[in-house]
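Sharing a structure below in structure tokens format, with a few things to ask.
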Amino acid sequence: MQAMKNEAVADPSAIEHRVRAEMAQRIKNHEMRNQARKLTPEERREKKKRKLTNDPSAGGVPVSLYRIDQMPNKQKLYKIDINAQQNHLTGICILTEKCNLVVVEGGPKAQKRYRKLLTQRIDWHDVQNSEDEDEEDEDLEEARRKAASEVCKLVWEGAVVKAHFKNFRVEAARSYDSARKVLKDKGCEHYFDMAVRFGTGEEESDIDDDDDDDDDDDD
């Protein structure tokens with residue numbers, strides 16, 4: 001301390017310069033630490049993906065099955081496909097003549113967003129806007145929801161030990177047997193059985209019980 005006082009008396013500008021230099025270095029070090037903690041664009045994308053796919057409180061991988069009772073057109077198929085990919089969901093959309101199945105695996109947040117797409121946002125019957133929009137908005141929205149409930153139905157939701165798919169894709173099948181084979185290759189052919197039986201009006205609880213039996217058989 002005495003040495004600094006003596007130095008300050010001898011050359012006050014030198015000690016001031018050194019203090020300012022040390023302060024500038026501390027600020028620079030602080031900024032460098034902050035910069036080091038910042039995420040790169042790739043790291044930010046990965047963080048967003050983890051938020052969509054990870055659920056520490058859940059056991060296993062969440063899965064949802066949807067049955068669509070009419071063949072989606074190209075525009076709807078694009079929405080089904082691109083939204084699954086954007087939400088980092090894995091699974092498949094299998095198209096057959098009478099029963100179309102959508103399987104999605106992924107975190108609960110992504111599942112919720114995807115369910116809203118299939119059951120609310122997609123206009124399955126292509127309900128058109130009325131000319132008198134102010135008066136018909138509520139009726140139009142109700143018509144779309146009714147159409148969605150008639151065409152696209154949630155067959156089952158639950159969790160599996162591990163995902164059956166590595167990505168999401170759309171695939172056309174010539175028959176029920178070929179559709180079932182696609183899923184059999186992934187070890188989840190019972191998903192298609194559930195969708196087909198759901199269309200016959202069987203109780204969901206019966207389907208859940210049978211699915212548990214299938215899981216036991218797989219184990």
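For a quick check: sort Lys166, Lys153 by the number of other beta carbons within 10 angstrom, fewest at the front.
Lys166, Lys153
Please list, in order along region 150-159, the HN-Hα scalar couplings obtained from phi with the Karplus expression 6.51 cos²θ - 1.76 cosθ + 1.60 (θ = phi - 60°), rounded to whole Hz, x for Gly and Pro.
With the stated coefficients, region 150-159 comes to 7, 9, 10, 10, 6, 7, 6, 9, x, 9 Hz.
Sticking with the crude label model, points 7 Å out along Cα→Cβ, report the distance from Val161 to Met23 in nm, one decimal please.
Reported label-point gap for Val161 and Met23 is 6.5 nm.
Here's another thing I want to ask about it. Report the full-extension gain for the segment Thr200 to Asp123: residue separation times 0.36 nm, less the Cα-Cα distance, to one decimal in nm.
25.3 nm
Could you check the simple spin-label distance between Met32 and Arg115, using points 7 Å along Cα→Cβ, in nm with one decimal?
Result: 5.0 nm between the two label points.
Bear in mind these aren't lab numbers, they're just calculated from the coordinates by the rules spelled out. This is a predicted model, so every value here is computed, not measured. Cβ coordinates were reconstructed from backbone atoms using ideal geometry, including for glycine residues, and neighbour counts include every protein chain displayed.
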